[in-house]
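This report refers to the structure that appears directly beneath it.
The values are calculated or read from the model by the stated rules, or taken from the named source; none is laboratory data. Predicted, not measured: the structure shown is a model, and the values here were computed from it. Cβ coordinates were reconstructed from backbone atoms using ideal geometry, including for glycine residues, and neighbour counts include every protein chain displayed. Quick note on the areas: whole protein, heavy atoms, side chains included, nothing else; ligands and nucleic acids left out. Shrake-Rupley method; radii C 1.70, N 1.55, O 1.52, S 1.80 Å.
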Amino acid sequence: MGLDGLARLHGLFAAYKPPGLKWKHLRDTVELQLLKGLNAGKRPASEHRVRFLLGPVEGSEEKELTLTATSVPTLIDHPLVRGPAFTSLKIGMGHRLDAQASGVLVLGVGRGRRLLTDMYNAHLTKDYTVHGLLGKATDDFCEDGRLVEKTTYDHVTREKLERILSLIQGSHQKALVMYSNADLQTQEAYEMAVSGVLRPMNKSPMLVTGIRCLQFAPPEFLLVPHLG
């Protein structure tokens, strides 16, 4: 791509992060691939300079030497001398995921990095899929963590689980109203609350805007939370 490619390298794009991969490793891999494309482009032709080279005089039988003006390329910009033309790129991350999580990450390059701030200020909802296991607890809440507790789960039913989820969502809805700076006395704010489009407008903790149980097959269950 070269310099022309760098001038056009602006925007946002999405990349899938598999489980077990750190977000920084994904970002570095994307940067490496973009740098390979930029450095694979055709470089400008090397500049030439005049040098006086010592050589024999043509037709001379006495082996006389003379200086001859010769145009030779300068090697200061040669890849084997200077190295790759592009060694780093500024790539921004819209958000981050834990190493064991998988999902889509939004990255910005060039002027696209400014759009990441606009996305953050828009307080877009993030949808997750959470796999859970009843009867076990680990020290870090991950399936590969150290087991710290084990108990029975026969008393847990889908109705009880959904009741707890409703309580969680209700408490977060109250906090959402507070952080949204919306005056519920107005018709517009009331309609936004009813339709579920209220979003926190100030810096706030992670809030659950919606959560539901997608699958319940003890000891396993599947939740789909929406975080704002």
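At 7 Å along Cα-to-Cβ for each site, give me the label-to-label distance between L147 and A122 in nm.
4.5 nm
Total Lys pairs in region 124-227 closer than 26 Å by alpha-carbon, pairs eight or more apart in sequence or interchain only?
8
If R0 is 22 Å, what FRET efficiency do you get for A137 and L222 from their C-beta distance, rounded to 0.05?
That gives a FRET efficiency of 0.75.
Would you mind counting up the charge near G210? Only other residues with Cβ under 12 Å from its Cβ, with Lys and Arg at +1 and Asp and Glu at -1.
My count for the surroundings of G210 gives +1.
Mind checking the per residue accessible area of region 108-179 for me, 1.4 Å probe, whole number of Å²?
Value returned for region 108-179: 77 Å² of accessible area per residue.
Estimate the FRET efficiency between L9 and L80 by the formula 1/(1 + (r/R0)^6), using the beta-carbon distance for r and 35 Å for R0, to the nearest 0.05.
0.90
Per DSSP helix of 4 or more residues, -39500 (n - 2.57); summed, then divided by the residues of the chain. What does that give at 222 nm, rounded to the nearest 500?
It comes out at -9500 deg cm²/dmol, rounded to the nearest 500.
Report the accessible area of Y120, computed with a 1.4 Å probe over the heavy atoms of all protein chains in place, in Å² rounded to the nearest 10.
Using a 1.4 Å probe on the heavy atoms, I get roughly 150 Å².
Going from most exposed to least, what order do E47, E58 have by accessible area with a 1.4 Å probe?
My answer, sorted largest first, is E58, E47.
Could you list log10 I(q)/I(0) for region 141-182 at q = 0.19, 0.32 Å⁻¹, which the Debye formula gives when each Cα is one point scatterer?
One equal scatterer on each Cα of region 141-182 leads to -0.79, -0.98.
Provide R158, R27, R51 ordered by accessible surface of protein heavy atoms (probe 1.4 Å), highest first.
R51, R158, R27
Given the protein chains as shown and a 1.4 Å probe, how many square angstrom of K136 are accessible, to the nearest 10?
So the heavy atoms of K136 present about 110 Å² to solvent.
Between D154 and V130, what's the calculated FRET efficiency when r is the beta-carbon distance and R0 is 25 Å? Round to 0.05.
Efficiency, from the Cβ-Cβ distance: 0.70.
Working with all protein chains in place, sort K42, K126, K17 by solvent-accessible area computed with a 1.4 Å probe, largest first.
Ranked from most to least accessible, the order is K42, K126, K17.
Just the accessible area for S180, please: 1.4 Å probe, Å², rounded to the nearest 10?
Approximately 10 Å² of S180 is accessible to the 1.4 Å probe.
What is the chain by shape, rounded, prolate or oblate, if you read a ≥ b ≥ c off the alpha carbon gyration tensor as root eigenvalues and call it rounded for a/c under 1.5, prolate for a/b larger than b/c, and oblate otherwise?
prolate
In whole percent, how big is the carbon plus sulfur part of the accessible area of region 5-52, probe 1.4 Å, protein atoms only?
Carbon plus sulfur share of accessible area: 59 percent.
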